[in-house]
Structure formats: structure tokens, C-alpha cells
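Remarks on the structure that follows.
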Amino acid sequence: MKAYILIKTAPGKDRSIVQALRGRKAIDSADVVTGPYDVIATVGAPDSDAILDIVINDIRYVEGVIDTVTCFAVQV
């Protein structure tokens, strides 16, 4: 299963958050983006519970993360 994690950051923290996320095994990618969110990360895991565990334990506790939205990719 794959998910996109939309992340709002504290001002000026986007680059340090991307660097922190890129160093974590559970994160497939992380990029600074323009628009209503500051960073988008992609996560892959066996199921939705595992993805939510990654969001809660590996993303939300990075210093400067203010809010996250998890968007699960679906097969069409």
C-alpha cells in the first residue's frame, strides 16, 4: 500500500524536515513543494495500519511538523 503524506511545517523548517524524513527507513521520498502544504512524503507499507503507524511515530514527531494529512493511493 502507498500513501502521500501532506505536511504543514513551522516557518523555515521545510528543508530540515525533508532532510530528517529522507534519513528514515520507512519514508520512500520527501520533497519541499509549493501550495497549501510545505512538504509531501511518500510512504509504502503492507497495510493502512502500518502506514498510520509510520505517520504517527516517524513523521509527526519531527521537530517543526505542525499538521499532516494522509492520502492513501487507490488502485483504479
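Every number here is computed from the coordinates shown, using simple stated rules; none is lab data. Keep in mind that this is a model prediction, so the values were computed, not measured. Every residue, glycine as well, gets a Cβ built from its backbone with ideal geometry; the counts of neighbours run over all protein chains shown.
Summary table below
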{"read-out": "Calculated FRET efficiency for the pair residue 33/residue 74, C-beta based, R₀ 25 Å, to 0.05", "value": "0.75"}
{"read-out": "Whole-Å semi-axes of the chain's equivalent ellipsoid (Cα gyration tensor)", "value": "20, 13, 10"}
{"read-out": "Full-stretch length increase - residue 4, residue 57 - with 0.36 nm per residue and alpha-carbon distance subtracted", "value": "17.5 nm"}
{"read-out": "Contact order normalised by residue count of segment 2-72, Cα under 8 Å, 6+ apart, percent", "value": "47"}
{"read-out": "For the chain, calculated [θ]222 nm from helices alone, where every DSSP H run of n ≥ 4 adds -39500 (n - 2.57)", "value": "-5500 deg cm²/dmol"}
